[in-house]
Amino acid sequence: MCGITGIVTLDSDNIGELLVKCSRKLTYRGYDSVGVAAVREGKVDLRKDVGTVDEVDRLLGLSKMRGDRGIAQLRWATYGAPTKVNAQPHFGCDEVFYGAHNGNIHNYVEYKQELIDAGHKVRSENDGELCVHAVDKYYEQTGDMLEAVRLSTQDLKGAFAYTVGRADQAEIYAVKMGSSLVAGVADGATIVSSDLPSVLPLTSNVIYLADGEMLVLTHDKVRVYRVEDGKKLERPPQRSTVDVHAAEKGGYPHFMLKEINEQPQIAKDVMGVLAGADNEEWLKMIEDSSRLYLVACGSSHNAGILGTYYFNRLAGMPVYHAIGGQFEPMYGNTLDDESLCILVSQSGETKDILNVLNHVRDANLGKTLGVVNVIGSTLMFQADSYIPMACGYEVSVPATKTYFSQTVIFSYLAAKLGERNGHLDRSEAKTFIRSLKDDLPKLAQATIDRTGILTKNLARTLVNVKDLYCLGYGFTDGVAREGALKIKEICYNHCEGMYSSEFKHGPLSIVTRDYPVIFVTTTEDSWMVTNHINEVRARGGRTIIVGEREDRLEPYVDAEGDYLSVPVSNVLLNPLLDVIPLQMLSYFFSVDLGVNPDLPRNLSKTLTVD
Ligand code: BG6
């Protein structure tokens with residue numbers, strides 16, 4: 001997944017500075033390589049190399065580039081290794097056309113050969129270059145840039161968005177075909193970008209786009225056209241209320257720590273959304289469904305696993321959960337007219353999830369309910385309805401506050417559904433929902449305050465650990481997997497998350513003296529988890545416990561610091577709180593290893609590729 005930014009401005013001296021300032025906000029979308037193409041007096045200055053925006057800026061002086069229009073691209077490598085020649089933007093056959101893309105061109109191999117056979121000079125192994133050549137090809141035939149962009153989409157297969165220009169034309173063009181794209185109109189400049197955070201430093205006057213739409217940017221306006229027939233569409237800018245400063249660190253050393261600390265407030269904000277009037281639509285969609293699927297990737301999937309336990313326990317409702325890529329082969333033939341797919345994606349752009357959205361829509365079977373954070377995302381627009389996660393922008397690549405918001409949403413929905421279908425006693429439902437609203441923010445804050453120093457100290461004892469397990473049982477199944485994922489993502493260690501009762505069926509063989517195993521539990525399951533702890537300790541393993549402090553568990557830690565206790569609460573809140581020590585542990589562990597937890601190698605915040 002990559003980030004593209006295109007700007008046209010009246011001021012011909014600051015295009016490099018503007019492009020660097022705006023495109024830096026997309027760093028979470030990719031930081032394998034960066035490039036800027038700036039145009040001044042009909043000549044394209046193209047500078048690009050491997051590294052982050054700041055590294056390449058220092059190397060090539062990106063922010064000093066001059067011109068009145070230009071394109072920047074931050075790359076997360078898919079087609080073609082992260083090298084200088086594969087970095088974007090790219091030229092067309094000569095140094096007249098310049099452009100950059102985000103997404104996947106599925107027919108890359110055959111189309112590249114077709115262009116080469118037609119005499120095109122293709123320089124790189126990167127699929128984005130073919131977008132520029134496709135426009136070059138059709139401009140040769142039509143002499144019209146907008147028509148060339150429109151026709152290029154006939155050749156390019158896959159999900160992508162690109163922006164392109166000609167050295168001798170003042171406009172910049174862009175097209176949205178399955179990957180995210182948004183535009184903005186400022187005073188004396190216009191911008192097109194993969195994501196809102198890079199538009200906001202320039203303007204809050206935003207133009208949201210749908211797939212199959214293309215743009216023409218001049219310094220004072222953004223015109224929108226339909227790819228299908230070239231028809232001009234009326235799309236006035238609308239004021240975005242997203243806080244541009246939300247994408248700042250606010251005094252924290254890393255976005256990840258800031259976003260962990262935002263969780264108490266997230267609990268308040270998302271409960272405010274859930275208690276609103278819209279919830280009737282969402283609850284009814286779920287109640288009326290013949291079968292409920294919950295589909296997500298990464299941390300969102302782990303939140304979904306916790307959701308299935310809440311739906312079972314509080315609403316007596318079975319949920320078929322799957323990771324995005326599993327859905328079609330696992331459940332694709334089980335949809336019917338009344339089934340409901342709950343699609344969980346903080347970015348709303350994860351291709352594995354959009355594939356499911358398209359599958360359900362193309363099969364015309366049942367409905368889709370998005371659980372999504374990024375306003376203006378494809379999932380937000382294209383699902384039949386959506387529940388906003390109310391987290392503001394999550395900048396750090398490893399998800400924290402968005403996972404937390406999702407788990408609060410699932411626990412709330414399950415309680416409301418259980419109250420309505422009689423599975424849950426009305427007073428119990430009300431008590432639990434009130435504890436979500438009134439207690440959870442305070443308990444989350446108390447957990448952060450309590451486990452901050454504990455996890456910082458514990459991380460120090462793990463600094464040489466390269467291999468460990470994180471086990472959960474019942475409600476903490478998804479929580480343990482999330483803790484393991486955090487350690488994998490930002491500590492580059494092998495940490496496997498799995499069900500604790502399953503550990504003895506094979507993985508137990510890994511345990512030798514002092515081998516670390518983290519057990520995540522609730523007061524309701526600790527009696528069972530004790531058995532699994534003993535199976536590890538009997539073989540000399542080191543057990544680390546996450547959960548409320550319980551007498552029965554005290555004997556099972558060798559050191560005080562191996563017990564990460566969360567505040568006493570309603571047992572159904574334990575799973576929501578247990579993730580916090582795991583987030584903090586992975587954060588301090590990562591920092592101790594000298595990793596930047598916000599930008600872990602090889603990863604990207606949103607993967608808009610298969
Ligand atoms: C991965 C991110 O690329 O995508 C994870 O690194 C995230 O943090 C996963 O959980 C799913 O993303 P989304 O936006 O679909 O929730």
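Output the residues belonging to the range 302-325 that are outside any helix (DSSP H, G or I), farther than 19 Å from S427 by Cα and in contact (Cβ under 8 Å) with a residue 40 or more places away in the chain. Of everything in the range 302-325, just one residue is outside any helix (DSSP H, G or I), farther than 19 Å from S427 by Cα and in contact (Cβ under 8 Å) with a residue 40 or more places away in the chain, namely M317. For the range 572-608, residues that are touching a Cys at 6+ places or on another chain (Cβ under 9 Å), open to solvent by 10 Å² or more (accessible area, probe 1.4 Å) and aliphatic (A, V, I, L, M) total 3. Scanning the range 281-301 for residues that are open to solvent by 10 Å² or more (accessible area, probe 1.4 Å) and more than 8 Å from the ligand (Cβ to nearest atom) yields E281, K284, M285, E287, D288, S289, S290, R291. Taking the stated definitions as given, is H254 open to solvent by 50 Å² or more (accessible area, probe 1.4 Å) and in contact (Cβ under 8 Å) with a residue 40 or more places away in the chain? No; evaluated as a whole, the condition is false for this residue. Taking the stated definitions as given, is T203 without any contact (Cβ under 8 Å) to a residue 40 or more places away in the chain, open to solvent by 10 Å² or more (accessible area, probe 1.4 Å) and either outside the structural domain of L19 (by TED's automatic domain parsing) or touching a strand residue (DSSP E or B) at 6+ places or on another chain (Cβ under 8 Å) (or both)? It is true that T203 is without any contact (Cβ under 8 Å) to a residue 40 or more places away in the chain, open to solvent by 10 Å² or more (accessible area, probe 1.4 Å) and either outside the structural domain of L19 (by TED's automatic domain parsing) or touching a strand residue (DSSP E or B) at 6+ places or on another chain (Cβ under 8 Å) (or both).
Per-residue answers, yes or no, for (1) at pLDDT 95 or above; (2) within 14 Å of the ligand (Cβ to nearest atom); (3) not assigned by TED's automatic domain parsing to the domain that holds N574:
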site: G316; (1), (2), (3): yes, no, yes
site: L340; (1), (2), (3): yes, no, yes
site: S345; (1), (2), (3): yes, yes, yes
site: E349; (1), (2), (3): no, yes, yes
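Only one of the numbered conditions (1) in a helix (DSSP H, G or I); (2) surrounded by fewer than 19 Cβ atoms within 10 Å (Cβ to Cβ) is not met by L365, and that is (1). Of the helices (runs of 4 or more DSSP H) that lie entirely inside the range 250-293, those containing 3 or more residues that are more than 22 Å from the chain's Cα centre (by Cα) and modelled with pLDDT of 90 or more span 279-287. Take the conditions (1) within 18 Å of E171 (Cβ to Cβ); (2) of a type outside the set (A, V, I, L, M, F, W, C); (3) assigned to a helix (DSSP H, G or I); D54 misses just one of them, which is (1).
In the range 454-490, the qualifying residues are those that are charged (D, E, K, R) and not in a helix (DSSP H, G or I), and the one that is least open to solvent (accessible area, probe 1.4 Å) is D467.
Considering the conditions (1) more than 11 Å from the ligand (Cβ to nearest atom); (2) open to solvent by 10 Å² or more (accessible area, probe 1.4 Å), T451 is excluded by exactly one of them, (2). Applying the set (1) modelled with pLDDT of 95 or more; (2) away from the ligand (no atom under 16 Å from the Cβ) to A399 leaves exactly one unmet item: (2).
A quick yes/no check of all residues on (1) over 23 Å from the mean Cα position of the chain (by Cα); (2) surrounded by 21 or more Cβ atoms within 10 Å (Cβ to Cβ):
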residue	(1), (2)
S12	yes, no
T27	no, yes
R47	yes, no
K64	yes, no
P89	yes, yes
C93	yes, no
F97	yes, yes
G103	no, yes
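Each row is one residue, and each column tells you yes or no for (1) under 24 Å from I260 (Cα atoms); (2) part of a helix (DSSP H, G or I).
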{"residue": "T512", "(1), (2)": "no, no"}
{"residue": "F519", "(1), (2)": "yes, no"}
{"residue": "H532", "(1), (2)": "no, yes"}
{"residue": "D558", "(1), (2)": "no, no"}
{"residue": "L564", "(1), (2)": "yes, no"}
{"residue": "V568", "(1), (2)": "yes, no"}
{"residue": "L577", "(1), (2)": "yes, yes"}
{"residue": "P581", "(1), (2)": "yes, yes"}
{"residue": "G594", "(1), (2)": "yes, no"}
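Evaluate the range 51-62: report whether one residue or more is under 17 Å from P600 (Cβ atoms), touching a residue at least 40 places away in the same chain (Cβ under 8 Å) and open to solvent by 30 Å² or more (accessible area, probe 1.4 Å). Looking for residues that are under 17 Å from P600 (Cβ atoms), touching a residue at least 40 places away in the same chain (Cβ under 8 Å) and open to solvent by 30 Å² or more (accessible area, probe 1.4 Å), one finds at least one in the range 51-62, hence yes. Answer yes or no as to whether K416 is under 20 Å from P575 (Cβ atoms), more than 12 Å from the ligand (Cβ to nearest atom) and basic (K, R). Criteria met by K416.
Here the condition is being more than 30 Å from V374 (Cβ to Cβ) and open to solvent by 10 Å² or more (accessible area, probe 1.4 Å); of G119, G158, G178, it holds for G119 alone.
Tell me, please, whether a residue that is part of a loop (DSSP other than H, G, I, E, B), touching a residue at least 24 places away in the same chain (Cβ under 8 Å) and either closer than 30 Å to K84 by Cβ or open to solvent by less than 10 Å² (accessible area, probe 1.4 Å) (or both) can be found in the range 127-149. Within the range 127-149, one or more residues are part of a loop (DSSP other than H, G, I, E, B), touching a residue at least 24 places away in the same chain (Cβ under 8 Å) and either closer than 30 Å to K84 by Cβ or open to solvent by less than 10 Å² (accessible area, probe 1.4 Å) (or both). Summed over the range 415-440, residues that are assigned to a helix (DSSP H, G or I), over 18 Å from L576 (Cα atoms) and open to solvent by less than 50 Å² (accessible area, probe 1.4 Å) total 3. The residues of the range 208-234 that are in contact (Cβ under 8 Å) with a residue 24 or more places away in the chain, part of a loop (DSSP other than H, G, I, E, B) and closer than 21 Å to A186 by Cβ, listed by number, are L209, T218, H219, D220, K221. Screening the candidates L582, L577, L599, L573 for the property of being within 16 Å of the ligand (Cβ to nearest atom), at pLDDT 95 or above and not polar (S, T, N, Q) yields one hit, L582.
Residue count for the range 71-98 satisfying the condition of being in contact with a Ser or Thr (Cβ under 9 Å, 6 or more places away or on another chain), closer than 23 Å to G42 by Cα and in a strand (DSSP E or B): 4. Right, F381: in a helix (DSSP H, G or I), more than 9 Å from the ligand (Cβ to nearest atom) and modelled with pLDDT of 95 or more or not? So F381 fails the test.
The values are calculated or read from the model by the stated rules, or taken from the named source; none is laboratory data. These numbers were taken from a predicted model, which means no experiment stands behind them. Here Cβ is always computed from backbone atoms with ideal geometry, including for glycine, and neighbour counts include all displayed protein chains. With ligands, DNA and RNA removed, areas are computed over all heavy atoms of the protein, side chains included. Shrake-Rupley method; radii C 1.70, N 1.55, O 1.52, S 1.80 Å.
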